[in-house]
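Have a look at the structure below, then the notes.
Every number in this text was worked out from the coordinates using simple rules, so none of it is lab data. None of the values given here were measured: they were computed from a predicted structure. No Cβ is skipped: glycine too gets one built from the backbone with ideal geometry, and neighbour counts run over all protein chains shown.
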């Protein structure tokens, strides 16, 4: 996707990406957000190093323009979202990322996963 965006000139187009849970495990009505602090600390340091680029080449990636772009990758976007420990419901965006298209494609939680935990639904109290 990034290679195509680099080729057609849309890699730098500003975009908005949302991260959300489509559904929760059976019996859960809400989730509790966790992991965003670690994500925000790690993201400025995320790079495609020599090892990762060599692995991509070994898998058959030969697009030098893309490999050069990945080698220079630095996330420059903005991230907003729920704070650690806040509750969320299925379908609500827990993170909103504003970034150039190519950066958003590389960032979207494949390299950095946002982990969530879920809390059980409250049980009715005995009468």
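In this label model, residue 78 and residue 38 are separated by 2.8 nm, measuring between points 7 Å along each Cα→Cβ vector. According to the Cα-based calculation, Rg over Rh for the range 8-59 is 1.12, with Rh computed by the Kirkwood formula. The stretch between residue 67 and residue 4, if pulled fully straight at 0.36 nm per residue, gains 21.4 nm over its current Cα-Cα span. Computed from the Cβ-Cβ distance with R0 of 41 Å, the FRET efficiency linking residue 53 to residue 29 stands at 0.40.
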